[in-house]
1. Could you please give the count of residues in the stretch 146-187 that are at pLDDT below 80 and touching a Gly at 6+ places or on another chain (Cβ under 9 Å)?
2. Among (1) aliphatic (A, V, I, L, M); (2) buried (at least 16 other Cβ atoms within 10 Å of the Cβ); (3) modelled with pLDDT under 95, where does Ala91 come up short?
3. If you scan the stretch 9-65, which residues turn out to be on the phi > 0 side of the Ramachandran plot and touching a helix residue (DSSP H, G or I) at 6+ places or on another chain (Cβ under 7 Å)?
4. Lys17: modelled with pLDDT of 95 or more and open to solvent by 80 Å² or more (accessible area, probe 1.4 Å), yes or no?
5. Please pick out the residue among Arg83, Arg60, Arg64 that is touching a Ser or Thr at 6+ places or on another chain (Cβ under 7 Å), surrounded by fewer than 18 Cβ atoms within 10 Å (Cβ to Cβ) and farther than 30 Å from Thr163 by Cα.
6. Identify, please: which residue in the stretch 121-140 is out of contact with any Leu (no Cβ under 9 Å at 6 or more places or on another chain) and in a loop (DSSP other than H, G, I, E, B) and is, among those, least open to solvent (accessible area, probe 1.4 Å)?
7. Going through the stretch 20-54 one residue at a time, which ones are loosely packed, with under 11 Cβ neighbours inside 10 Å and either in contact with a Pro (Cβ under 6 Å, 6 or more places away or on another chain) or at pLDDT below 95 (or both)?
8. Report the residue count in the stretch 126-154 for those that are charged (D, E, K, R) and touching a Pro at 6+ places or on another chain (Cβ under 9 Å).
Amino acid sequence: PGVKTVAKMIEELPEDKYSKKERELLRKFALAVSKIESDHNYACLGPRIEKPKSGHYQTRALGRYQIMPREWLKWSDEWLGGRVPAPDPQAQEYFAFKKFMANYDEFKKTYSDSLYFRFFALATRWSGGGITEMVDGKPVPLMHEEVDYAGKILRAMAFKPTTDERAIQLQAEAEFMAKKGVMRTAKRLAGKTGHAAKRAGKAIGRWLKD
């Protein structure tokens with residue numbers, strides 16, 4: 001009670017900057033994240049991160065949108081001018097709104113002609129990752145390790161790609177996987193000795209940069 005939600009903040013976005021369609025999709029996105037991350041529970045604690053190499057090692061995500069403690073501290077300082085006790089419900093909503101919109105505005109420029117790609121990228125970014133492959137000189141967001149999460153979010157939004165968007169994404173995925181195969185070959189060559197292997201490894205490295 002009394003908490004101003006992300007969905008409500010989205011309703012108040014300026015109509016001259018965000019279309020009715022964009023605002024509706026943003027609202028659906030926020031609700032989908034909230035449902036999938038915590039079942040709309042402000043008190044939810046995620047599993048403890050046990051990967052030693054993770055920047056979130058031995059911490060747990062907090063609240064309705066599962067914000068990591070390190071991000072909570074950073075956003076408290078950046079957006080509220082000081083530390084806010086976790087998991088304050090209103091801060092949860094405000095932080096999620098600010099981050100959703102910062103990411104959306106970035107992807108609106110990157111994927112100016114595809115709403116689907118914007119929200120696909122938005123979902124993978126919230127899950128902590130996301131990669132891009134170029135097709136015909138344009139970036140295409142790929143699933144990578146966040147495939148399950150992005151798929152869940154978009155299905156919850158009832159948001160499907162057009163036939164052309166899916167075809168472009170499949171092409172991008174094929175090109176990315178081909179490069180991964182080349183990268184594995186380069187790593188194998190790097191572990192070998194001999195002039196020919198070193199030359200081949202360097203050639204593969206140049207191809208990947210191009």
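1. Going through the stretch 146-187 one residue at a time, the tally reaches 4.
2. Against the list (1) aliphatic (A, V, I, L, M); (2) buried (at least 16 other Cβ atoms within 10 Å of the Cβ); (3) modelled with pLDDT under 95, Ala91 comes up short only on (3).
3. Going residue by residue through the stretch 9-65, those that are on the phi > 0 side of the Ramachandran plot are 39-40, 58, 63.
Listed by number, the residues that qualify are His40, Gly63.
4. Working: modelled with pLDDT of 95 or more: yes; open to solvent by 80 Å² or more (accessible area, probe 1.4 Å): yes.
In short, yes.
5. Numbers: Arg60 fails: touching a Ser or Thr at 6+ places or on another chain (Cβ under 7 Å); Arg64 fails: surrounded by fewer than 18 Cβ atoms within 10 Å (Cβ to Cβ).
One residue alone meets the criteria, Arg83.
6. Filtering first and then ranking leaves Gly129.
7. Residues of the stretch 20-54 loosely packed, with under 11 Cβ neighbours inside 10 Å: 20-21, 39, 43, 47, 50-53.
Pro47, Glu50, Lys51, Pro52, Lys53 - these are the residues of the stretch 20-54 that are loosely packed, with under 11 Cβ neighbours inside 10 Å and either in contact with a Pro (Cβ under 6 Å, 6 or more places away or on another chain) or at pLDDT below 95 (or both).
8. Narrowing the stretch 126-154 to residues charged (D, E, K, R): 133, 136, 138, 145-146, 148, 152.
Applying the additional criterion that residues be touching a Pro at 6+ places or on another chain (Cβ under 9 Å) yields 133.
The number of residues fulfilling the criteria is 1.
The values are calculated or read from the model by the stated rules, or taken from the named source; none is laboratory data. Treat the numbers as computed from the prediction; the structure is a model and nothing was measured. For neighbour counting, all protein chains shown are included, and Cβ atoms are generated from backbone atoms with ideal geometry for every residue, glycine included. Ligands, DNA and RNA are excluded from the accessible area calculation, which covers all protein heavy atoms including side chains. Shrake-Rupley method; radii C 1.70, N 1.55, O 1.52, S 1.80 Å.
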